[in-house]
1. Tell me, yes or no, whether the stretch 143-165 has at least one residue that is within 21 Å of LEU349 (Cα to Cα), small (Gly, Ala, Ser) and either modelled with pLDDT of 90 or more or outside any loop (DSSP other than H, G, I, E, B) (or both).
2. Could you identify the single residue in ARG378, ARG422, ARG385, ARG366 that is at pLDDT 90 or above and farther than 30 Å from ARG264 by Cα?
3. So VAL120 passes all but one of these: (1) part of a loop (DSSP other than H, G, I, E, B); (2) crowded, with 22+ Cβ neighbours inside 10 Å; (3) at pLDDT below 90. Which condition number does it fail?
4. Go through (1) outside the structural domain of GLY194 (by TED's automatic domain parsing); (2) surrounded by 13 or more Cβ atoms within 10 Å (Cβ to Cβ) one by one and return the number of the condition GLY381 breaks.
5. Listed residues THR361, THR350; which is β-branched (Val, Ile, Thr), more than 22 Å from ASN192 (Cα to Cα) and either touching a strand residue (DSSP E or B) at 6+ places or on another chain (Cβ under 7 Å) or not assigned by TED's automatic domain parsing to the domain that holds ASN228 (or both)?
6. In the stretch 393-408, is there at least one residue being assigned to a helix (DSSP H, G or I), among the hydrophobic types (A, V, I, L, M, F, W, C) and outside the structural domain of ALA231 (by TED's automatic domain parsing)?
7. Out of ARG380, ARG366, which single residue is of a type outside the set (A, V, I, L, M, F, W, C) and either under 18 Å from LEU188 (Cα atoms) or in a loop (DSSP other than H, G, I, E, B) (or both)?
Amino acid sequence: MITPKNKKPLVAIIGRPNVGKSSLFNRVVGERRAIVDSTAGVTRDRFVLPVRVPDYKLGFDIMDTGGIGIVDNHNLEDSVEYQIVTGLAASDVVLFVVDAREGVTLLDEEVAKYLRKSDVPVVMVANKCETRPAQMAVSDFASFGFGDPIPVSAQEGQGFSDLYKRLTEILPEEQLVEDRESINVAILGRRNTGKSSFVNALTGENRVIVSDVAGTTRDAVDISVDYNGSAITLIDTAGVHRKGKVNSSIEYYSLARSDQAIQRSDITLLFVDMSQTVARMDKELARTIKDRYKAIIVVGTKHDLVPDITIDQFRDIIDHKLPHLQGAPIAMMSNVTKKGIDRVMRDILTVYEEGQLQLGTGVLNRAMQSVFENMRIRGRGERPRFYYATQLNTLPPTFLLFVNKNRLFSKELMRALQNEFRRKFKITKVPVRFVLRERKRSAAKKG
């Protein structure tokens with residue numbers, strides 16, 4: 001069963017386009033997670049991340065939203081506004097952000113009317129107060145009826161102590177509860193393969209915007225759910241396309257966020273549109289994921305459009321078109337009928353469990369010694385030698401091998417070592433990674 005993960009107090013950032021909402025979001029979070037660009041309407045989905053401010057005993061989730069009143073080139077303004085309305089209904093506090101440099105605008109007044117209709121406490125934040133004229137204009141926003149605005153500069157990091165003090169008057173003191181470890185699952189694929197529809201089907205709401213327009217999702221959006229008692233963080237990413245087609249800074253940052261999502265994931269879902277042939281971009285994306293030693297589950301989407309394809313036939317297609325993914329778990333699903341979604345979630349838990357393999361030092365070294373003895377290493381001259389191994393990490397299981405010379409361990413030999421090791425421990429669903437280190441010999445032993 002899939003349920004939303006228990007939430008902390010939710011603080012929503014709301015305002016018209018280009019007042020610096022995403023910059024404020026990044027400053028509070030403490031890292032550059034939301035895309036910041038001068039183009040109005042960059043943020044479309046609700047983007048929620050956890051925040052802790054120990055000095056003020058604050059712990060909450062903060063949400064970035066699209067700009068109210070935006071006119072979108074792709075006619076997505078209704079979807080963006082829906083995300084804001086839904087996020088506002090779920091929030092405990094609203095940060096109403098305005099631009100102190102530009103002063104009061106008609107659209108600010110419209111946003112203020114909109115917020116006055118809600119029962120949610122509103123804290124007005126006047127952003128871009130780096131200059132004296134901007135600071136002098138802050139008092140003009142008091143006419144909106146939300147109290148004195150808090151002057152800040154998200155760019156310079158100024159004024160945030162006053163903001164946190166105001167939040168302590170509204171939010172409860174942070175309750176320190178030990179968080180369960182969450183499984184980070186990145187959802188990757190070409191554009192319009194159903195990634196955002198999958199997230200919405202899981203959460204039971206329009207959590208992220210779905211559109212036929214390619215590239216609707218721009219940020220890598222984190223969504224926390226609970227599946228059969230396991231905490232899972234789904235990372236919905238922008239649809240990947242060939243780098244040669246990147247025609248704006250927004251697309252560049254979207255691809256960069258997708259790349260970061262792969263790196264911080266435990267497991268990746270590679271979405272493949274079953275109604276289309278496997279494309280070159282599918283192959284490149286699969287290779288990128290594999291080269292980073294990430295566990296992959298291949299998910300065939302839009303099965304409702306091609307219902308006659310069986311799982312064995314789909315597996316044959318993947319084995320033929322993506323041979324480097326042979327052995328990876330494969331699932332088929334339809335976001336329309338919801339068929340197969342539960343299978344994908346079960347595969348996530350199965351892969352995660354296998355990836356938690358931990359071996360004691362004795363067991364590991366005996367196993368590695370056996371692997372080397374069973375392998376037939378051809379060639380003349382100096383031979384590769386293994387001395388000692390220790391485990392560094394899990395998911396993927398990662399092992400440090402002390403050897404005589406790194407250069408003697410070719411890619412073919414490393415691949416054979418990994419395959420033999422996987423066979424020995426019956427590892428079928430996750431990659432195994434070996435890190436080599438040359439053992440240094442003392443001067444006495446060299447003599």
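The values are calculated or read from the model by the stated rules, or taken from the named source; none is laboratory data. All values derive from a computational prediction rather than experimental measurement. Virtual Cβ from ideal backbone geometry, glycine too; neighbours counted across all protein chains shown.
1. No, the conditions are met nowhere in the stretch 143-165.
2. ARG366
3. (2)
4. (2)
5. Only one candidate qualifies: THR361.
6. yes
7. Every option except ARG380 fails the conditions.
One line per residue, one yes/no per condition, for (1) surrounded by fewer than 16 Cβ atoms within 10 Å (Cβ to Cβ); (2) modelled with pLDDT of 50 or more; (3) more than 19 Å from the chain's Cα centre (by Cα); (4) over 29 Å from GLU173 (Cβ atoms):
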position: PRO4; (1), (2), (3), (4): yes, no, no, no
position: LYS7; (1), (2), (3), (4): yes, yes, no, no
position: LEU10; (1), (2), (3), (4): no, yes, yes, no
position: ARG16; (1), (2), (3), (4): no, yes, yes, yes
position: SER22; (1), (2), (3), (4): no, yes, no, no
position: GLU31; (1), (2), (3), (4): yes, yes, no, no
position: VAL36; (1), (2), (3), (4): no, no, no, yes
position: THR39; (1), (2), (3), (4): yes, no, yes, yes
position: THR43; (1), (2), (3), (4): no, no, no, yes
